[in-house]
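The values are calculated or read from the model by the stated rules, or taken from the named source; none is laboratory data. In this text the structure is predicted, and so the values were computed from the model without any measurement. Cβ sites come from the backbone with ideal geometry, for glycine too, and all protein chains shown count toward neighbours.
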Amino acid sequence: MALAVVSQGFEEHDPKPILRTDPGSPNMAADVRIFLREVGVVFSPGRVARPTDNARQERFYRTLKQEEVYCHQGYVSLEGARSSIGYWMEYYNEVRPHQALFGYPPAFVHRLGNKTQLLEDYRRNVEKAKQRRRQERILKNQKPTTFFSGNV
């Protein structure tokens, strides 16, 4: 957690990152709260029995299970599971398009740091697709010119 915070280069005047977790006992421990305060993270526990409080994380785990974990009959070893899940997580963050991010992977959006530019790119791509479909529709509806008359 400390390395993640440091790697993002937060300045003193920047808003502090928020860690949203379930209210399980490991997350609620005093040592964890002290550590998070020291590294400059705001702790925000979800409510008990409210998975929608942490919906993004819950959705991530669902996708992880559907696309990676359930695809294996069982991992050969703990190291094999860690390696396989690690590769999947790299794919998920660096390559896999996300609908909520206009088809971009999370790492690209995070590195870009400018969601306005991302939205403009998305709108430009949507407009190009619409124009291409209009052109295809026009070409499809054009009737071929006949060069002869009479019965065939």
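Matching residues to (1) closer than 24 Å to His110 by Cβ; (2) out of contact with any strand residue (DSSP E or B) (no Cβ under 7 Å at 6 or more places or on another chain):
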| residue | (1), (2) |
| --- | --- |
| Leu36 | yes, no |
| Val39 | yes, yes |
| Tyr75 | no, yes |
| Ala81 | no, yes |
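Residues in region 90-106 that are out of contact with any helix residue (DSSP H, G or I) (no Cβ under 8 Å at 6 or more places or on another chain) and within 19 Å of Gln57 (Cβ to Cβ): Glu90, Tyr91, Arg96, Gln99, Ala100. Being part of a helix (DSSP H, G or I), touching a Ser or Thr at 6+ places or on another chain (Cβ under 9 Å) and either free of Cβ contacts under 8 Å to residues at least 12 places away in the same chain or surrounded by 11 or more Cβ atoms within 10 Å (Cβ to Cβ) (or both) is true of Tyr92. Within the option set Gly24, Gly46, Gly80, Gly86, being of a type in the set (Gly, Ala, Ser) and closer than 30 Å to Leu119 by Cβ holds for one residue only, Gly46.
Looking at region 101-124, is at least one residue polar (S, T, N, Q) and surrounded by 12 or more Cβ atoms within 10 Å (Cβ to Cβ)? No, the conditions are met nowhere in region 101-124. Within region 36-82, being within 27 Å of Gly9 (Cα to Cα), among the aliphatic types (A, V, I, L, M) and part of a helix (DSSP H, G or I) holds for Leu36, Val39, Ala55. For region 30-77, give me each residue that is of a type in the set (Gly, Ala, Ser) and either under 21 Å from the mean Cα position of the chain (by Cα) or closer than 26 Å to His98 by Cβ (or both). Those that are of a type in the set (Gly, Ala, Ser) and either under 21 Å from the mean Cα position of the chain (by Cα) or closer than 26 Å to His98 by Cβ (or both): Ser44, Gly46, Ala55.
Give the residues of region 1-34 that are of a type in the set (A, V, I, L, M, F, W, C) and more than 26 Å from Ala107 (Cα to Cα), sorted by residue number. Within region 1-34, Met28, Ala29, Ala30, Val32, Ile34 qualify. If I filter region 12-28 down to residues being within 10 Å of Gly40 (Cα to Cα) and either basic (Lys, Arg) or assigned to a loop (DSSP other than H, G, I, E, B) (or both), which single residue comes out as nearest to the chain's Cα centre (by Cα)? Residue satisfying both the conditions and the ranking: Pro17.
What number of residues within region 57-68 satisfy the criterion of being in contact with a Ser or Thr (Cβ under 9 Å, 6 or more places away or on another chain) and modelled with pLDDT under 95?
2
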